[in-house]
Structures are given as structure tokens and as C-alpha cells.
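Following: one structure in C-alpha cells, then a few remarks.
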């Protein structure tokens, strides 16, 4: 491999994620994998997230060990006080297209696609939800790889959009529990209410729905953060429409496997936009084995005070110990929220602990934790699977509604309580997971964890697919 200047240089991968934590972390994991293979990586990050990383993590220091890695921060066009959460996350997309994309294009052209004496011109662009990317890549003859940061089932539901339209299964009419017949491979378990949340529109020309379909059905090379044991049949369906798929997940376990192989520090590089409260680990240390249900609804979910109170009553009435993450910005409406949280914390002392943010993977790996009440984001779902932790799923939006159905009906390692927020339902679900069917769920979750970890070990399907991805990128060098 020789560049224009005649120097031997490795491939140079340009990574540009959608600027939210659920996209940022898997893309940082992918960058880490490329760095482990001595690739050069330029990582485009929003200046807002870059500042937050400087405050709350050691990500920048961790990547300093790789001289071929570089962050480039660009504005996302939103004011610092924008919530970047809930339904308003969609505003980020429009702001990026208006502000970030023009700056990105200017940077790429003026810096000759970020080449130079020490690194070659960009070999390929890896992105996730950027609508400008396919046209930009074609215009500049730049190979494009789409990283699907959600589940394969989520992506496949978008590929099947024309079939859903033709069969008049969208927009929804009638019973939400009716099975969907037009998403092949999932006819036996997928209900209308399990389709991604943006399908819940009265008009199929809804701009948000159309925007998501456009962004997530690029028919070029695709990376999936999944494995054959989780979604093999669905990936096989997608392969009928996409020339190349690299299923390399769970990506955070793939990194651990490769670091162990190199006899290196196995701690992965992970972003946090809030400070982790380590006191929760000390609290867990004092609890009996498998006695605590961990509760976290991720980095974007918003809840009303009424919903928070329903969960609180459900948890207390279940008589189970709980560790509950409640972000400071997660309750809709600012008035009186601090008082609500103080009252919850005071009233929960006997059975539970409330924190603003927690080291999630460390929590899920803790011997005291026996279950996870989750929003069913794909990263959280994979972390729960790899730690052998059964789940109760209360999805918020996007891919979470379909992920929760996989958990309950395909893998059978948890319960799905979507579209409800009732203290009695919550109480019964927690009792079922943590007491009534505890051994059944733990056994299934433990078996699934073994299969998934095997896939990222040498000789496993995800490990082999990662090697294939590295070779594919090397083949793109001109």
C-alpha cells in the first residue's frame, strides 16, 4: 500500500456519527477497532459533544495512545441549552444538514480529503444517519460504508417500507396487536405496535418518516452491530438487497476480545455526557446476589412526572431492591422536578438508590444485579445480553419498540410492557422477572450471553466478519 507521495501508509477511515450518545458510543468502538489494526481514523464530532467528553470522560486521553487517530469538532448548529432529547432529537438532523454538512464539505475539499505527509487521502467514509452521505460519496468517488447502529430488525423494517405500503399495513388502521405480514422473516411475532415508532403516523408522507427511511436504507456496504446468533435470519433477508454486510457485534465485546488477544488493557473507550456516580457500585456491593433490578431509560428518553411516579410506586410495591438512573433533564417540565427527585430519593432509601448517571456496563456485570428495566436502546440491549441480564422493556421510540419484541418473543430473555405505564403492570413485571420466573429468565439469558461472546472470539462469526471488513477497506485503497 503506497500513497501518492510514495510512502507506505495504512488505510484512512473517516467516521461521522449522528451526534447522540446512542450513536456516538458504537462509532467510537468502531474507531477503536480500526486503531487496533493500525488504521488512521479521523472522527467527526459535534463541538457540543466534544466539550461534554472533555468534562466527563477520559476518551480523549485514551485515544492519545493511537497516533493515527484524530478528532475534528464541528458545530451542530444548536444552542447549548437545546435539550437534544425526546422528540426534539429530530431537530438535530435538520440543524446538521443546514450547519454541519456545509462546514464538513468545505473542510474536506480545502484539506484535500484530510490527506497529507503523515496520512493518505481518506480511503472510505463510515457514517450512520447522514442523508447527504450517499450523494457526497458518489460525487467524490469516495467509498461509503453505512454503520447501522440499531438492530438488523430495525433496518429491515425500513427496507420493507414499500411492501408495507402496498399491503396497506401502514398507516395503521385497527387493532395495534394485529400481526404484520409484510416484513418477511418476522411474520410470526411482529405486531403493528412493535414497528419503529415513526411508523405511527396518519400520513405516510410524513417528513420524519420519509427522512428516516431515506437515511437507513442505503444499498451499499453495511456494518451491523449484531451477530448471527441474535439476528442471523434477518441479516440473511437484508443480504438479498445489499451487496455487502459485515455483522461484527456486539462491538463492545469484539474490542475486549481483540484487546485480550493483544494482551492489552481490556477497558474499552466509552463516551459519557454526564458524570458517572460511582457510589452506586458501593451500594450494590452491600446487596445480596441477583437481588437488584437496575432501571435506566438511556440518554434521550423523557418522562412526565406522572410516569415517574407510576414507576416509583411499581418498584416500591414489588418489594424488590432497585438502582434507578434518573437524568437531571429527563422529566418533562422543570417546575418542581428537583423537589420530586428529592422526595423520591428520600422515600426510596429502604429499598432503592437513585442516581443521575451510572457506569452501566459495570452495573450490569455486578453480581447483585438480577434484572434490567430498560428503554430497549440497542446499545443497552446488547450490554444486557452480554452480561446475561434479563430485561423488562419499556421502549420510548425509534428502534426500541422492535428491540423489545425481540427480547420477549424471539430470544425470550425478558418481558415487554410497551405502551403502558401503570404501577400494577410494572409491579407484576418486576415480580415476574425477579422472583416468580427468576431462574427461567436467568438461565436463558446466561445461555444467550455464552453464544454471543463466542461470536466475537477468534473463529466466531463476528470476529471473522471484522477481519473481512478490515480486508475490504484495505482493498479500497487506490
I'd like to check something: does segment 327-343 contain any residue that is buried (at least 19 other Cβ atoms within 10 Å of the Cβ) and either free of Cβ contacts under 8 Å to residues at least 24 places away in the same chain or part of a helix (DSSP H, G or I) (or both)? no
Criterion (assigned to a helix (DSSP H, G or I), outside the structural domain of residue 396 (by TED's automatic domain parsing) and modelled with pLDDT of 85 or more) met by exactly one of 99, 122: 99
Touching a residue at least 12 places away in the same chain (Cβ under 8 Å), in a helix (DSSP H, G or I) and touching a strand residue (DSSP E or B) at 6+ places or on another chain (Cβ under 6 Å): does that describe residue 376? no
Top-ranked residue of segment 140-154 - restricted to ones that are outside any strand (DSSP E or B) and farther than 18 Å from residue 398 by Cα, ranked as nearest to the chain's Cα centre (by Cα): 143
Residues of segment 399-431 satisfying the condition of being at pLDDT 95 or above, within 18 Å of the chain's Cα centre (by Cα) and under 23 Å from residue 89 (Cα atoms): 400, 401, 402, 403, 404
Which number in (1) at pLDDT below 95; (2) touching a helix residue (DSSP H, G or I) at 6+ places or on another chain (Cβ under 6 Å) marks the one condition that residue 396 misses? (2)
Whether any residue in segment 347-356 is surrounded by 24 or more Cβ atoms within 10 Å (Cβ to Cβ), part of a strand (DSSP E or B) and touching a residue at least 12 places away in the same chain (Cβ under 8 Å) is what I want to check. no
Residue in segment 260-278 that is crowded, with 16+ Cβ neighbours inside 10 Å, under 23 Å from the mean Cα position of the chain (by Cα) and part of a helix (DSSP H, G or I) present: no
Cβ-Cβ distance below 6 Å, separation of 6 or more or different chains: which pairs start in segment 249-262 with a residue that is closer than 16 Å to residue 26 by Cβ and end on one that is surrounded by fewer than 17 Cβ atoms within 10 Å (Cβ to Cβ) and modelled with pLDDT under 95? 256/266
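The values are calculated or read from the model by the stated rules, or taken from the named source; none is laboratory data. Quick caveat, the model's predicted, so the values are computed rather than measured. In this analysis, Cβ positions are derived from the backbone assuming ideal geometry, glycine residues included, and neighbour counts consider all displayed protein chains.
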